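Peer 1: One structure, pasted below without further comment.
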Amino acid sequence: MAQGLERDIELLEIQEVSAWRQQLIAAAAGLFTGGPLGLLASIAVFRQLEGNWLPWALIGALAAPPLALGQWRAVDWLQQQQAGTGTPAEGTVDQTASEFINESNRLARACVLALKDGNPGNAIRNPLDGSDLFCDRSYPTTVVITSRRFEPLQQPRSCGTTTLARGTSAAQWLVSPAGSMVCQAIAHSGFWWWEQAAVNRQLLYERCTNNLREEARTGFTRTAHQLGLRDYCAEEKALLARDAVTAR
């Protein structure tokens, strides 16, 4: 009788250890796929299903992605809130950003006027690195003007015909030989920076090199625009400027 009781107790202990081990596995899987909330939900569902692995796995496969995404967004929001309280006042931040944006915008407009008037006028330098910008209608190329990096915008801000979103920390202007101007954001804070279009850098470099070869055949008297070619060298300059900004 005593031996039978001890055997029953031993079996119960084995079952408890096995149950705890299974719950630990379920918790680890929930944490890995769904974060902290996934851990809690995984244990709760596993207990509710009394250790049935198949329905638990099916429920987890459906619930884990939205749980992980929701927590990721929450962390991003909290980081943005903390960044807002840990930096200078909102007005001060945006005022400094506006100064940098206005500086680049003024230079871009000066370049547009120089192209339209056919008179380069005074030297125009890129705010990012101080390099000379050639706004000369006699040698038409797309001019790339990149702002200095600034604290992320606290509020959206207009930039020509576009709007720089909240969190933007650098902008770029593209001035065409015809004198049109486009403003775009090139850097953004936080996790949720929109994805840039995939760029094959090697291919872009090769196409720019081919353009230079075509220009060289004319003795550099005609540009890619005048030859009816897409200005890949300007696109490469814009990409390199973006890299310089985002690397800081």
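The values are calculated or read from the model by the stated rules, or taken from the named source; none is laboratory data. Keep in mind it's a predicted model, so treat the numbers as computed, not measured. As a convention, Cβ positions derive from the backbone with ideal geometry for all residues, glycine included, and neighbour counts pool all protein chains shown. The area values use the complete protein model at the heavy-atom level, side chains included, leaving out ligands, DNA and RNA. Shrake-Rupley method; radii C 1.70, N 1.55, O 1.52, S 1.80 Å.
Peer 1: Return yes when Asp76 is under 23 Å from the mean Cα position of the chain (by Cα), among the acidic types (Asp, Glu) and either under 25 Å from Leu212 (Cα atoms) or modelled with pLDDT under 85 (or both) and no when it is not.
Peer 2: Here the answer is yes, as Asp76 does meet what is asked.
Peer 1: Ok, one more. If the requirement is being of a type outside the set (Lys, Arg), modelled with pLDDT under 80, touching an Asp or Glu at 6+ places or on another chain (Cβ under 6 Å) and outside any helix (DSSP H, G or I), which of these qualifies: Pro120, Pro127?
Peer 2: Within the list Pro120, Pro127, the selection yields Pro120.
Peer 1: In this structure, does Ser98 turn out to be modelled with pLDDT of 80 or more and either open to solvent by 40 Å² or more (accessible area, probe 1.4 Å) or in a helix (DSSP H, G or I) (or both)?
Peer 2: On the way: modelled with pLDDT of 80 or more: yes; either open to solvent by 40 Å² or more (accessible area, probe 1.4 Å) or in a helix (DSSP H, G or I) (or both): yes.
It is true that Ser98 is modelled with pLDDT of 80 or more and either open to solvent by 40 Å² or more (accessible area, probe 1.4 Å) or in a helix (DSSP H, G or I) (or both).
Peer 1: Is there a residue being open to solvent by 90 Å² or more (accessible area, probe 1.4 Å), among the hydrophobic types (A, V, I, L, M, F, W, C) and modelled with pLDDT of 80 or more anywhere in segment 56-65? Working first, answer last.
Peer 2: Within segment 56-65, the subset open to solvent by 90 Å² or more (accessible area, probe 1.4 Å) is 58, 62.
From what is left, the residues that are among the hydrophobic types (A, V, I, L, M, F, W, C) are 58, 62.
Next cut, modelled with pLDDT of 80 or more only: 58, 62.
Yes, that holds for at least one residue.
Peer 1: Contact list please: Cβ distance under 6 Å, first residue in segment 206-233 and more than 18 Å from Val144 (Cα to Cα) and open to solvent by less than 80 Å² (accessible area, probe 1.4 Å), second residue outside any loop (DSSP other than H, G, I, E, B) and not aliphatic (A, V, I, L, M), pairs at least six apart or on different chains.
Peer 2: Qualifying pairs under 6 Å: Leu227/Glu214.
Peer 1: Out of the residues in segment 66-81 meeting the condition of being touching a Phe, Trp or Tyr at 6+ places or on another chain (Cβ under 9 Å) and under 16 Å from Leu31 (Cβ atoms), tell me which one is most open to solvent (accessible area, probe 1.4 Å).
Peer 2: Trp72
Peer 1: Let me ask something additional. So which pairs qualify, if the first residue must be in segment 26-50 and surrounded by fewer than 19 Cβ atoms within 10 Å (Cβ to Cβ), the second must be of a type in the set (S, T, N, Q) and modelled with pLDDT under 80, the Cβ gap must be under 6 Å, and the two must be at least 6 apart or on different chains?
Peer 2: Sorted first by the residue in segment 26-50, then by its partner, the pairs are Ile43/Gln23.
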